[in-house]
């Protein structure tokens, strides 16, 4: 009797264990996540299957000025751990193995280069789309190539001063007379009414961004000569011939 009771109890315990194991399997199949929160692709024989990587945010095109650096970034999903390998023009970049990559100082020769990243985990590999780098030349500060020349005019005439400057466009100009800005004189040439002897300077600066520079030309002198004074011609006078002395009649 005692043996029969023990056998019945053992069979009941085994049935209960089998029911619990079945419930655990069903629970595992119904959940797409592991206890650590990572998403699973499925199960095989009750084991987790890792998810291959995917690119959720690809690297973006970048534009910089020569002499600057640029950073490319990527966002990828998939079962951890994920590994990264950045490429420039499809060639691996040594040491570029994180989710972002910062270039060395750029040069204009780098313009047009493409950057992409290969993301890998235990389930597979994915390659991002390529991002293009555009490198603009660094702006060049202005220089005076031909300075204004001294001018000599006659009173009543005008004088034109000109300058030739080089540098990254746009260039802006400001002419000065005796150190003071001349209102409206903002071109490469300046025509001034004739005045007393004076000095004129040119102030050229590049505008438009933080890389602008300024250069001032040498001074050109203006000499104004007095206009010649017209002289009146002497009036012609008629001179009567002298009359002989009349003798009294005898």
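Of note:
- Mean projection of the Cα convex hull over all viewing directions, computed for the stretch 54-136: 4.9 nm².
- Averaging 1/r across all pairs of distinct Cα atoms in the stretch 141-180 and inverting the result yields a Kirkwood radius of 12.2 Å.
- For the stretch 104-182, convex hull volume per residue from C-alpha positions, Å³: 161
FYI, it's all coordinate maths here, none of it is from the lab. All figures in this text were calculated on a predicted structure; none of them were measured in a lab.
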